[in-house]
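Asker: To start, I am sharing the structure in question, which I have written as structure tokens.
The values are calculated or read from the model by the stated rules, or taken from the named source; none is laboratory data. Model, not experiment: these values are computed from the prediction. Cβ sites come from the backbone with ideal geometry, for glycine too, and all protein chains shown count toward neighbours. The area values use the complete protein model at the heavy-atom level, side chains included, leaving out ligands, DNA and RNA. Shrake-Rupley method; radii C 1.70, N 1.55, O 1.52, S 1.80 Å.
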Amino acid sequence: FPVEDIRNFSIIAHVDHGKSTLADRLLELTGTIEKTTNNKQVLDKLQVERERGITVKAQTASLFYSFGGKQYLLNLIDTPGHVDFSYEVSRSLSACQGVLLVVDANEGIQAQTVANFFLAFEAQLSVIPVINKIDLKNADPERVEKQIEKVFDIPSEECIKISAKLGTNVESVLHAVIERIPPPKVHRNNPLKALVFDSTFDQYRGVIANVALFDGMVSKGDKIVSAHTLKTYEVNEVGILVPNEQSTHKLYAGQVGYLIAGMKTVTEAQIGDTLYLHKHPVEPLPGFKSAKPMVFAGMYPIDQSEYNNLKSAIEKLTLNDSSVTVHRDSSLALGAGWRLGFLGLLHMEVFNQRLEQEYNASVILTTPTVPYKAVLASAKLIKVVKYLIPLCMSTNRELHKGVKVAEKLYFLKKMCNLLGSIMAIISSSFLLASFDYEDAGYQTAELVKMDILLNGNIVEELTTVVHKDKAYSVGKTICERLKDSLPRQLFEIAIQASIGSKVIARETVKAYRKNVLAKCYGGDITRKMKLLKRQAEGKKKLRKIGNIEVPKDAFIKVLKTQ
Ligand code: GDP
Ligand code: MG
């Protein structure tokens, strides 16, 4: 494919505005997948994505399309919309020259529409606004068109109105991609310069790197070098993603595809790495800014004998999700483990779920926290904390300083002394804020250490440092959640939250015996044995606090959205 017949683009939008559905239609229209009635978000391949109905990983697909008597190669990258995964979006954009900015015709511009637009704008990409879901009864594409003009300064004539669900007008999206997005600026005669923009670890084939070629070409059998490790490899396989891997033996500058080169450990082919030909070193590409984790949690194997397996699972998964930071940690109650940094709570949940589903790992996660420095003064913990997110999410004091961009819609950018710069869109009916933050140093705050006790025994996993003013409500919530998720046992269980020796909240679980054999009337002994065995297996997933059995689920339920 000549470079001028290639287009590389991403689909970006707020969550649920229809990116993945539009991707389905584009795959069908170009014959990449067969047109059937049950193509639903086919690029959302992970189990966690299908279960939650959200995209968490960017996915690449090469589409072939004839237009004006010419055959084009369109490389599409579908991206996640949730703020926790914007790191995926910014990396994807580095392989693109343009984006489809999808906006729901009913909801209009939302927080992540703005945040993602600015990612594309800063990367100097062409932006094609697509107003989706025009089939909805309450759709108001004209209003959304005006919003887009006002907020992004894009003439309303440039908006393409479609229904991704029904397929209405989707063909004109493909035409716009060809007409409005420039081909990549690359040099095929220069030696190879390839950016690793994503990476997965395959048990049998080692590292599979997703690459965008900026210069030159790469063929099967070439000797290549990683700029990051300076290790040399032989290319075993190269190809395109349609959307599954299809070997092509060669990739040329301007193309996006995958490459396998016998990298056997996860420290090789890190995301952001530059690959070049042996004996033809090039200036490495700038790579990616490292992600800024906001939420930290401890992760431990349920059983210490699983430590090494879990270690390897975490390494493999972080290769695929490089926004997670990992440091070794240990806890008296839980043994050896790690302190992981995530971009948000949803990110933490998704990472945990992927570990379980893709690596069969079973873990305990501790209460997520933000980093703090603590100075211990008498029995009370004091001060110095870095943070705090929820404060800013709820403030609209400075609304009047915002710029009114449309009826009921304000755009505001302000400095927050705690967080750095905040960018928010506020509509009068509800508040949505998307923000970026810079390190504003440490702030003093009154903090206390709060313990959770079961019949007087401290549950170390649930010990937290909380703001003094929030201790009561947090303690109460944890006790209530624990009450809901603890199975009744033969004796009564007192659940308490305490600061030092002072109890600030209490719940009680009444005694009860869950008889697993109750269903077995008569004398079916094999059935009884099976049930007993299953109960014994279930117990492996239990932690013992004193003589109380706490299922792993209880921890997760308590920690989840606190
Ligand atoms: P994403 O989060 O941006 O990838 O959004 P999805 O593609 O997963 O779509 C979110 C929801 O909107 C799904 O339930 C889709 O079926 C629905 N949806 C997508 N496009 C349309 C459309 O054109 N019309 C209608 N009515 N629903 C749509
Ligand atoms: Mg999606």
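Asker: For a quick check of your reading of the model, give me the residue pairs whose first member lies in the range 1-23 and is closer than 16 Å to GLU171 by Cα and touching a residue at least 60 places away in the same chain (Cβ under 8 Å), whose second is near ligand 2 (Cβ under 9 Å from one of its atoms) and open to solvent by 20 Å² or more (accessible area, probe 1.4 Å), with beta-carbon atoms closer than 8 Å and at least 6 apart or on different chains.
Answerer: Cβ pairs passing all conditions: THR21/GLN41.
Asker: Further, regarding this structure: Return the residue satisfying two criteria in turn: it lies in the range 207-224 and is under 11 Å from LEU277 (Cα atoms) and open to solvent by less than 10 Å² (accessible area, probe 1.4 Å), and of such residues it is farthest from the chain's Cα centre (by Cα).
Answerer: GLY216
Asker: Another question about this same structure. For residues that are of a type in the set (Val, Ile, Thr) and within 20 Å of the chain's Cα centre (by Cα), scanning just the range 63-112, find the one that is farthest from ALA291 (Cα to Cα).
Answerer: The selected residue is VAL102.
Asker: Within the range 459-500, how many residues are open to solvent by 20 Å² or more (accessible area, probe 1.4 Å), assigned to a strand (DSSP E or B) and of a type in the set (S, T, N, Q)?
Answerer: So the count comes out to 1.
Asker: Now for a different question. Do we have any residue at all in the range 206-213 that's assigned to a loop (DSSP other than H, G, I, E, B) and farther than 20 Å from VAL89 by Cα?
Answerer: no
Asker: Shifting gears a bit: Does PRO286 satisfy the criteria of being outside any strand (DSSP E or B), of a type outside the set (A, V, I, L, M), loosely packed, with under 15 Cβ neighbours inside 10 Å and at pLDDT below 85?
Answerer: When the stated conditions are applied, PRO286 passes them.
Asker: Please enumerate the residues belonging to the range 12-30 that are touching a helix residue (DSSP H, G or I) at 6+ places or on another chain (Cβ under 9 Å), within 6 Å of ligand 1 (Cβ to nearest atom) and open to solvent by 20 Å² or more (accessible area, probe 1.4 Å).
Answerer: VAL15
Asker: Kindly indicate whether GLN59 is at positive phi and within 13 Å of ligand 2 (Cβ to nearest atom).
Answerer: Against the criterion (at positive phi and within 13 Å of ligand 2 (Cβ to nearest atom)), GLN59 does not qualify.
Asker: Given the conditions (1) farther than 25 Å from SER163 by Cβ; (2) open to solvent by less than 20 Å² (accessible area, probe 1.4 Å), and given that VAL3 satisfies all but one, which numbered condition is not satisfied?
Answerer: Condition not satisfied by VAL3: (2).
Asker: Scan the range 268-306 for residues that are over 14 Å from VAL225 (Cα atoms) and polar (S, T, N, Q) and jot them down.
Answerer: Passing the criteria: SER290, GLN304, SER305.
Asker: Pairs under 6 Å by beta carbon, first residue among the charged types (D, E, K, R) in the range 145-171, partner assigned to a loop (DSSP other than H, G, I, E, B), six or more apart or different chains?
Answerer: GLU145/CYS159; LYS161/ILE134
Asker: Filter the range 256-283 for residues that are more than 23 Å from GLU245 (Cβ to Cβ) and open to solvent by less than 80 Å² (accessible area, probe 1.4 Å) and give the result.
Answerer: HIS278, VAL282
Asker: Pick from the range 163-195 the residues that are among the hydroxyl-bearing types (Ser, Thr, Tyr) and open to solvent by less than 50 Å² (accessible area, probe 1.4 Å): which of them is nearest to ligand 2 (Cβ to nearest atom)?
Answerer: SER163
Asker: For residues that are without any contact (Cβ under 8 Å) to a residue 60 or more places away in the chain and within 20 Å of the chain's Cα centre (by Cα), scanning just the range 323-344, find the one that is most open to solvent (accessible area, probe 1.4 Å).
Answerer: If we take residues in the range 323-344 being without any contact (Cβ under 8 Å) to a residue 60 or more places away in the chain and within 20 Å of the chain's Cα centre (by Cα), then HIS327 is most open to solvent (accessible area, probe 1.4 Å).
Asker: Can you run down the residue pairs with Cβ atoms below 7 Å, 6 or more apart or on separate chains, where the first is in the range 35-54 and over 18 Å from ASN244 (Cα atoms) and the partner is of a type in the set (A, V, I, L, M, F, W, C) and more than 13 Å from ligand 1 (Cβ to nearest atom)?
Answerer: Every condition considered, the pairs that remain are VAL48/VAL350.
Asker: So for the range 64-75 (the condition being within 12 Å of ligand 2 (Cβ to nearest atom) and closer than 25 Å to LYS165 by Cβ), does at least one residue qualify?
Answerer: There is no residue in the range 64-75 that is within 12 Å of ligand 2 (Cβ to nearest atom) and closer than 25 Å to LYS165 by Cβ.
Asker: Could you please let me know if PHE296 is open to solvent by 30 Å² or more (accessible area, probe 1.4 Å), farther than 13 Å from SER199 by Cα, in a strand (DSSP E or B) and not small (Gly, Ala, Ser)?
Answerer: yes
Asker: Further question on the same structure: For the structure I just gave you, tell me whether ASP44 is among the charged types (D, E, K, R), near ligand 1 (Cβ under 9 Å from one of its atoms), in a loop (DSSP other than H, G, I, E, B) and open to solvent by less than 30 Å² (accessible area, probe 1.4 Å).
Answerer: yes
Asker: Being of a type in the set (A, V, I, L, M, F, W, C), open to solvent by 10 Å² or more (accessible area, probe 1.4 Å) and over 18 Å from ILE6 (Cα atoms) is the filter here; which residues of the range 229-255 pass it?
Answerer: Correct list: LEU230 only.
To keep it simple, each residue is scored yes or no on (1) among the charged types (D, E, K, R); (2) over 27 Å from PHE1 (Cβ atoms).
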| position | (1), (2) |
| --- | --- |
| ASN106 | no, yes |
| ASN138 | no, yes |
| GLU145 | yes, yes |
| SER156 | no, yes |
| LEU166 | no, yes |
| GLU179 | yes, no |
| PRO184 | no, no |
| ASN190 | no, no |
| LEU195 | no, no |
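Asker: Related question: Are there any strands (runs of 3 or more DSSP E) wholly within the range 58-162 with 1 or more residues that are open to solvent by less than 10 Å² (accessible area, probe 1.4 Å), farther than 23 Å from THR30 by Cα and more than 15 Å from ligand 1 (Cβ to nearest atom), and if so which?
Answerer: Filter on the range 58-162 gives an empty set.
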